[in-house]
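Novice: Have a look at the structure that comes next, please.
The values are calculated or read from the model by the stated rules, or taken from the named source; none is laboratory data. Here the structure is a predicted model, which is why all the values come from computation and not from measurement. Neighbour counts are summed over all protein chains in view; Cβ atoms, including those assigned to glycine, are modelled from backbone coordinates with ideal geometry.
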Amino acid sequence: MEIELSGTILKTKDWTWKMGGNISFNKNMVVSLPYKEGVKNNRIDGQQIYTGRKLPDGTYETIFVGGRQEGQEPGLLVAYQANGMYKSWDEIPDYLEVRTGNFQGKYQYGPKAYAELPDNKKANALAIQPGDVKWTDVNGDGIIDAFDQVVVGNTTPHWFGGFNTTLNWKGFTLYGRFDFAFDYWIYDNDTPWFLGCMQGGYNTTKDVFNTWTAENPNAKYPRYVWADQLGTANYYRRSTMFAYKGNYLAVREISLGYELPKKIANKMFCQRVNLSVTGQNLGYFTSAKVATPEKSDAGSGYALPRTLLFGLDVTF
């Protein structure tokens, strides 16, 4: 569905103001997939997560999300729900068990659970510490596993469009062009990679000064360690900590031009002389802290370059 409008808003002897714009709504739905016997909705890929409901037999109900399924929207973002950090040992549940995240497959345990492990199992286990992330235990069983992830939202904008405006006053012309998209989520892959120190002794970003330490317990991010993926994987997991609403308004182009009076142009043996300055890709208004909100999986990429153009248009 798309709506487009344009027209002249103001017109006087010296002033003319025109605007035009469009907005579109788009929502995808998988209609049909190759038949797969015994597979609901002929699902391709995807993963199981808990619904939070306990079944009569004592197990916990799960559903498949993501991937491609008939009757469902593709492109869902699924991640662990981060609820801040443990600021002290007292906040860590004694018998919490985290079974996912570590690159080497090591489980993580609350203080008492870790202390009670036999020595041979401690060699393949990790103790949860202050500065580690509090993960949501969706089914409340005291265990964090892959089923405890949640659906964050869709990664394709449902609404998008743009608008332009042209304002003329005597010989001056001010032109602006903007576009936007909203109602979708993006994931920042770069920041957790840097703050997780996942590549060893490389430079990081200034966000490292906002990571948890005993002297900075109210920091925004978990503790900074070497190779987070080999530890409690605070950054290695895909989590809501680095998921953002991708809504943005892009300032795509602003241009200011001036046409010399015809008498002056004629004295220069010209019919028309126009001077202009134009800025392109000037930036975004967005809450997403990524290089560009135009990528739903923001990582290993660069923002569009800002350009400043000076123009001289002469007609003889």
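Novice: Residue by residue through segment 61-105, note down the ones that are touching a Leu at 6+ places or on another chain (Cβ under 9 Å), within 19 Å of Asp137 (Cβ to Cβ) and crowded, with 17+ Cβ neighbours inside 10 Å.
Specialist: Val65, Val98, Asn102
Novice: When you scan segment 251-272, do you find a residue that is of a type in the set (Val, Ile, Thr), touching a residue at least 40 places away in the same chain (Cβ under 8 Å) and more than 30 Å from Gly311 (Cα to Cα), even just one?
Specialist: No, every residue in segment 251-272 fails to be of a type in the set (Val, Ile, Thr), touching a residue at least 40 places away in the same chain (Cβ under 8 Å) and more than 30 Å from Gly311 (Cα to Cα).
Novice: Which residues, taken from segment 17-49, are assigned to a strand (DSSP E or B) and either in contact with a Phe, Trp or Tyr (Cβ under 8 Å, 6 or more places away or on another chain) or not assigned by TED's automatic domain parsing to the domain that holds Asp179 (or both)? Steps first, answer last, please.
Specialist: Filtering segment 17-49 down to residues assigned to a strand (DSSP E or B) leaves 17-25, 44, 47-49.
Met19, Gly20, Gly21, Asn22, Ile23, Ser24, Phe25, Ile44, Gln47, Gln48, Ile49, listed by residue number.
Novice: Show me the strands (runs of 3 or more DSSP E) found entirely inside segment 228-316 where at least 1 residues are touching a Lys or Arg at 6+ places or on another chain (Cβ under 7 Å) and over 19 Å from Asp190 (Cα atoms).
Specialist: On the way: elements: 243-245, 248-259, 272-286, 307-315.
Answer list for segment 228-316: 248-259, 272-286, 307-315.
Novice: Separate question: Quick one: would you say Asp148 is at pLDDT below 95 and either buried (at least 20 other Cβ atoms within 10 Å of the Cβ) or more than 24 Å from Gly67 (Cβ to Cβ) (or both)?
Specialist: No; evaluated as a whole, the condition is false for this residue.
Novice: From (1) part of a loop (DSSP other than H, G, I, E, B); (2) in contact with a Gly (Cβ under 9 Å, 6 or more places away or on another chain), pick out the condition that doesn't hold for Gly105.
Specialist: Here Gly105 meets the rest and fails (2).
Novice: Yes or no: segment 90-100 includes at least one residue that is under 22 Å from Met198 (Cα atoms) and either touching a Pro at 6+ places or on another chain (Cβ under 9 Å) or part of a loop (DSSP other than H, G, I, E, B) (or both).
Specialist: Of all residues in segment 90-100, those under 22 Å from Met198 (Cα atoms) come to 98-100.
Subset that is either touching a Pro at 6+ places or on another chain (Cβ under 9 Å) or part of a loop (DSSP other than H, G, I, E, B) (or both): 99-100.
Yes; the residues of segment 90-100 include at least one that is under 22 Å from Met198 (Cα atoms) and either touching a Pro at 6+ places or on another chain (Cβ under 9 Å) or part of a loop (DSSP other than H, G, I, E, B) (or both).
Let's see how each residue does on (1) touching a helix residue (DSSP H, G or I) at 6+ places or on another chain (Cβ under 9 Å); (2) within 30 Å of Phe103 (Cα to Cα); (3) surrounded by 19 or more Cβ atoms within 10 Å (Cβ to Cβ):
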residue: Trp169; (1), (2), (3): no, no, no
residue: Tyr187; (1), (2), (3): yes, yes, yes
residue: Pro192; (1), (2), (3): yes, yes, yes
residue: Leu195; (1), (2), (3): yes, yes, yes
residue: Gly200; (1), (2), (3): no, yes, no
residue: Asn203; (1), (2), (3): yes, yes, no
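Novice: Criterion first (modelled with pLDDT of 95 or more, within 25 Å of Asp145 (Cα to Cα) and charged (D, E, K, R)) does Arg177 satisfy it?
Specialist: no
Novice: Within segment 193-207, identify whether any single residue is aliphatic (A, V, I, L, M) and in a strand (DSSP E or B), and answer yes or no.
Specialist: First, pick out the residues of segment 193-207 that are aliphatic (A, V, I, L, M): 195, 198.
Remaining after also requiring in a strand (DSSP E or B): none.
No, there is no match, as no residue in segment 193-207 is aliphatic (A, V, I, L, M) and in a strand (DSSP E or B).
Novice: Do we find that Thr240 is outside the structural domain of Asn102 (by TED's automatic domain parsing), touching a strand residue (DSSP E or B) at 6+ places or on another chain (Cβ under 7 Å) and modelled with pLDDT of 95 or more in this structure? Give the steps one after another, and end with the answer.
Specialist: Details: outside the structural domain of Asn102 (by TED's automatic domain parsing): no; touching a strand residue (DSSP E or B) at 6+ places or on another chain (Cβ under 7 Å): yes; modelled with pLDDT of 95 or more: yes.
Answer is no for this residue.
Novice: Which numbered condition trips up Ala233, out of (1) under 21 Å from the mean Cα position of the chain (by Cα); (2) on the phi < 0 side of the Ramachandran plot?
Specialist: (2)
Novice: For segment 154-163, which positions are touching a strand residue (DSSP E or B) at 6+ places or on another chain (Cβ under 8 Å), surrounded by 17 or more Cβ atoms within 10 Å (Cβ to Cβ) and either more than 30 Å from Leu55 (Cβ to Cβ) or modelled with pLDDT of 95 or more (or both)?
Specialist: First, the residues of segment 154-163 that are touching a strand residue (DSSP E or B) at 6+ places or on another chain (Cβ under 8 Å): 154-155, 157-163.
Now narrow it down to the ones that are surrounded by 17 or more Cβ atoms within 10 Å (Cβ to Cβ): 154-155, 157, 160-163.
The answer is Thr155, Pro157, Phe160, Gly161, Gly162, Phe163.
Novice: From the list Glu294, Glu253, exactly one residue is over 20 Å from Gln129 (Cα atoms), at pLDDT 95 or above and either among the acidic types (Asp, Glu) or not assigned by TED's automatic domain parsing to the domain that holds Asn168 (or both). Which is it?
Specialist: Step by step, each of Glu294, Glu253 is checked, and only Glu253 is over 20 Å from Gln129 (Cα atoms), at pLDDT 95 or above and either among the acidic types (Asp, Glu) or not assigned by TED's automatic domain parsing to the domain that holds Asn168 (or both).
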